[in-house]
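Worksheet: the structure to be examined is printed underneath.
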Amino acid sequence: MWLLALVVTAALSLVSSIRTPPNVIVVGGSSGMGKAAALATIEHGGKCMLVSRSKDKLSTAKSYLLSEVPSAIVDTAVVDATNEEEVQEFAESLELGAWDGLVISAAGRAPHGPFTELPTSDARGMMESKFWTAYHCAKYISVKLNDGGCVVFVAGILNRRPGINCAPLAISNGALEGLTKSLALEFGPRLRCNCLSPGFCDTERFDHMTPDRKAKMIANTALSLPLQKIGEPRDMGGALYYLLTAQFCTGVILDVDGGHGIRQYASVAGDPMRAKEQTRQ
Ligand SMILES: NC(=O)c1ccc[n+]([C@@H]2O[C@H](COP(=O)([O-])OP(=O)(O)OC[C@H]3O[C@@H](n4cnc5c(N)ncnc54)[C@H](OP(=O)(O)O)[C@@H]3O)[C@@H](O)[C@H]2O)c1
């Protein structure tokens with residue numbers, strides 16, 4: 001009897017535990033949060049595969065990662081994840097048994113503008129580059145992950161705490177949160193599925209801005225947050241690694257946003273509820 005119990009426990013632990021350190025495929029790994037997730041992976045001793053569209057960006061990211069952890073194994077693959085066939089072909093090329101985790105942080109430039117004036121094609125483009133990329137990757141790559149593995153999406157604060165002129169990002173983030181919970185149900189107990197919802201983070205995403213404009217945007221956002229600072233890629237890399245390896249977390253949307261979700265917009269000076277004599281009452 002005890003032997004049967006031992007066998008059942010061993011079988012269950014095979015299904016529910018990710019191999020640690022996990023080997024992780026990062027779609028969007030050539031930059032920003034994806035690169036930070038890859039760094040967290042190799043710092044823990046796992047190997048990683050960086051996936052994105054640009055060979056040059058992949059090669060620069062790989063050199064950076066190897067400069068941080070010279071003994072690491074870092075593979076790269078050029079794939080445009082908006083293209084379903086390309087993702088399918090890439091997934092078919094993956095060796096079975098080699099990979100435990102999949103992070104998808106890919107997204108193109110986000111369109112901003114008044115909802116009634118913004119071309120609908122811009123909103124569709126955002127969904128293509130942020131939602132359908134993740135959908136394709138989860139669909140074809142998840143089946144190649146080892147038992148106990150995990151798929152992690154990256155959505156963003158603008159779904160549940162929207163900003164004016166940011167509808168395309170809000171809808172793609174919302175769709176990803178919905179997909180996370182659906183897949184947590186469908187993939188369990190073999191795999192887990194989680195989602196990071198970052199707040200503002202200083203990544204290469206904003207490199208197209210002039211330094212002055214970028215500095216102003218960062219300072220303004222930081223001032224509005226309880227922690228009075230914006231995120232760094234390492235904050236997100238650590239959170240993504242946590243979601244990949246947290247054995248009892250599935251269907252989780254993790255807010256890592258410096259308190260953006262509870263920030264206050266009213267100016268202190270004009271808010272009677274914030275005067276000292278009022279708060280004492
Ligand atoms: N940074 C923030 O403040 C912030 C806040 C909230 C949410 N987010 C979200 O967090 C995620 C990561 O943001 P980030 O700041 O790390 O962005 P990032 O630095 O711009 O990185 C995006 C990555 O996606 C890749 N990529 C873009 N389109 C792709 C495609 N079609 N196929 C494959 N790879 C593709 C890019 O590489 P290639 O150009 O080589 O393809 C790059 O590696 C995004 O979904 C973003 O919306 C960001």
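The values are calculated or read from the model by the stated rules, or taken from the named source; none is laboratory data. Keep in mind it's a predicted model, so treat the numbers as computed, not measured. All Cβ positions, glycine included, derive from the backbone under ideal geometry; neighbour counts span all protein chains shown. Each accessible area value is taken on the protein alone, full model and side chains, heavy atoms only, with ligands, DNA and RNA left out. Shrake-Rupley method; radii C 1.70, N 1.55, O 1.52, S 1.80 Å.
Sparse packing (at most 12 other Cβ atoms within 10 Å of the Cβ) combined with a DSSP loop state is found for the following trypsin sites (Lys or Arg not before Pro) in segment 34-134: Arg109. Per residue, segment 17-258 exposes 47 Å² of accessible surface when a 1.4 Å probe is rolled over the protein heavy atoms with every protein chain present.
Computed log10 I(q)/I(0) for segment 17-258 at 0.07 Å⁻¹: -0.21, from the Debye equation with unit scatterers placed on every C-alpha and solvent omitted. Calculated on C-alpha atoms, the gyration radius of segment 193-249 divided by its Kirkwood radius gives an Rg/Rh of 1.08. Across segment 17-154, Cα-Cα distances exceeding 18 Å account for 53% of all pairs. Rounded to the nearest 10 degrees, the angle from helix 84-93 to the longest Cα principal axis of the chain is 40 degrees. The accessible surface of the chain, taken with every protein chain in place and a 1.4 Å probe, is 58 percent carbon and sulfur. The C-alpha atoms of the chain define a longest principal axis, and helix 167-187 lies at about 30 degrees to it. In a fully extended conformation the segment linking Met127 and Ile164 would gain 11.5 nm over its present Cα-Cα distance, using 0.36 nm per residue.
Taking Ser129, Ser121, Ser59 in turn, the Gaussian network model of the chain (Cα-Cα springs below 10 Å) assigns the largest fluctuation to Ser121.
For a 24 Å ceiling on Cα separation, which of these pairs sit above it: Lys57/Lys181; Lys55/Lys214; Lys47/Lys214; Lys47/Lys139? Display every interim value, and only then the final one.
Numbers: Lys57/Lys181 32 Å; Lys55/Lys214 27 Å; Lys47/Lys214 34 Å; Lys47/Lys139 22 Å.
With Cα atoms farther than 24 Å apart: Lys57/Lys181; Lys55/Lys214; Lys47/Lys214.
Restricting attention to segment 197-256, which chymotrypsin sites (Phe, Trp or Tyr not before Pro) occupy a DSSP loop and are surrounded by at most 13 other Cβ atoms within 10 Å? It would help to have the intermediate numbers written out before the result.
On the way: sites: Phe200, Phe206, Tyr241, Tyr242, Phe248; in loops: Phe200, Phe248.
Within segment 197-256, the qualifying chymotrypsin sites (Phe, Trp or Tyr not before Pro) (loop, at most 13 other Cβ atoms within 10 Å) are Phe248.
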